[in-house]
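Derivation of every value follows stated rules applied to the coordinates shown; laboratory data play no part. Since the structure is predicted, the reported quantities are computational estimates derived from the model, not experimental observations. Note that we place each Cβ from the backbone using ideal geometry, even for glycine, and neighbour counts take in every protein chain shown.
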Amino acid sequence: VTISDGSSRVTAVLPTGESVEILLFGATVLSWKDASGDEKLWLSEGAKLDGTKAVRGGIPLVFPVFGTAPDHEATSKLPQHGFARNSRWEFLGKSETSSNSVKLDFGLSSENLDDAARQLWPYKFGLLYSVTLAPESLSTALVVTNEGDVPFECQTLLHTYFKIKDIASVQVTGLEDSPFHDKVDGVKDKTQSSDPITFSGETDRVYTPVKGPGHPVIITDGGVEKFRVVRDNLDDVVVWNPWVDKAAGMGDFQPKDGWKNMVCVEAGAVSSWQKLEKGDAFEGAQTIYLH
Ligand code: TA6
């Protein structure tokens, strides 16, 4: 395994050719390629990679709040999706889990936060984010610890942008019969039918899958299975495609018809608040298996 630890990015390449690239800003996975060099994640051509804005694409990290929470006092002043994706993380090093897989660790603590963010959310915390690359899978895991004396509540989510050929022929299965909050029309208590999810317009749904985190959520493209997402301790799955108008409205979303080539399936703990007492830890993870 070769690691190149640059000033702003870390890249790992397995002996069999698979690779992953992480931007220290936001500990954002920018790229994940299979052995043949085929890119698995969607990254906007307009994504800011200079730290001026959260990355549009790859796997941005959402913490300590999903979206905005105006009625949740402690996080009501935070920017959308919190500050983890907008902060500079430290590369803590690698551990080779085998001769042909590697785990890269990244850290962010309240000491690393800029004053503005610390003012908006004055809790002492530690985040440890691990990215594990193996020949047929990519895992990302976040451990949140309360390092202060004051309890806090948080939400966390792995905002994965999957690269697909054509959204019109994509199906997502594994969420059948599950309750969801539809953020497009605001209806909070819908239930998915026994059919797969298909896409014919803006889609923005927070599911709590009835079969639990161990049951795979599968993304097929043109009838071919491309990705299988298995979760650990992340009880919710957000499914998002901005479609034409919302893509047009995001300055960093390029090309403008790129919505046809991406789908977000996001593992998270966002439908309620995780309360961490002094010294408590919360861990949530996803493993994405290829084909
Ligand atoms: O995960 C879906 C979502 O919450 C959408 O509502 C949309 O806002 C998306 O995240 C992107 O949010 P961002 O702040 O990155 O533009």
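Summing charges over all other residues whose Cβ lies under 11 Å from the Cβ of residue 10, with Lys and Arg as +1 and Asp and Glu as -1, gives -2.
Comparing 67, 25, 209 along the charge dipole axis of the chain, the residue lying farthest to the positive side is 25, per the Cβ-charge model.
Dividing the radius of gyration of the alpha carbons in region 1-109 by their Kirkwood radius gives 1.03 for Rg/Rh. Take the alpha carbon atoms of region 11-79, find their center, do the same for region 257-279, and report the distance between the two centers in whole angstrom. For region 11-79 versus region 257-279, the Cα centre distance is 12 Å. Rounded to the nearest 20, the Cβ-based charge dipole of region 135-291 about its Cα centre (Lys and Arg +1, Asp and Glu -1) stands at 380 debye.
All other residues whose Cβ lies under 10 angstrom from that of residue 251 are scored, Lys and Arg at +1 and Asp and Glu at -1, for a net of +2. Between residue 200 and residue 71, the contour length at 0.36 nm per residue exceeds the Cα-Cα span by 43.2 nm. The phi torsions of region 139-146, fed into the Karplus equation with coefficients 6.51, -1.76 and 1.60 and a -60° offset, translate into couplings of 10, 9, 9, 10, 10, 10, 10, 8 Hz, rounded to whole numbers, with Gly and Pro shown as x.
Count Lys and Arg as plus one, Asp and Glu as minus one, and take only other residues whose Cβ is under 13 Å from that of residue 194; the net charge is then -2.
When the P(r) of region 2-290 is calculated, the portion above 33 Å amounts to 18% of the C-alpha pairs. Note on the chain: with charges restricted to the Cβ of Lys and Arg (+1) and Asp and Glu (-1), its dipole about the Cα centre is near 360 debye. Across the options 12, 229, 276, the greatest Cα extent toward the positive end of the charge dipole of region 2-290 (unit charges at beta carbon of Lys, Arg, Asp, Glu) belongs to 12. In terms of distances greater than 32 angstrom between alpha carbons, the cross-link table entries 77/165; 77/190; 211/256; 226/275; 53/183; 94/188 yield 77/165; 211/256; 226/275; 94/188.
A cut-off of 5 Å between modelled amide H atoms, ignoring neighbours fewer than 5 places along the same chain, links residue 170 with 199, 222.
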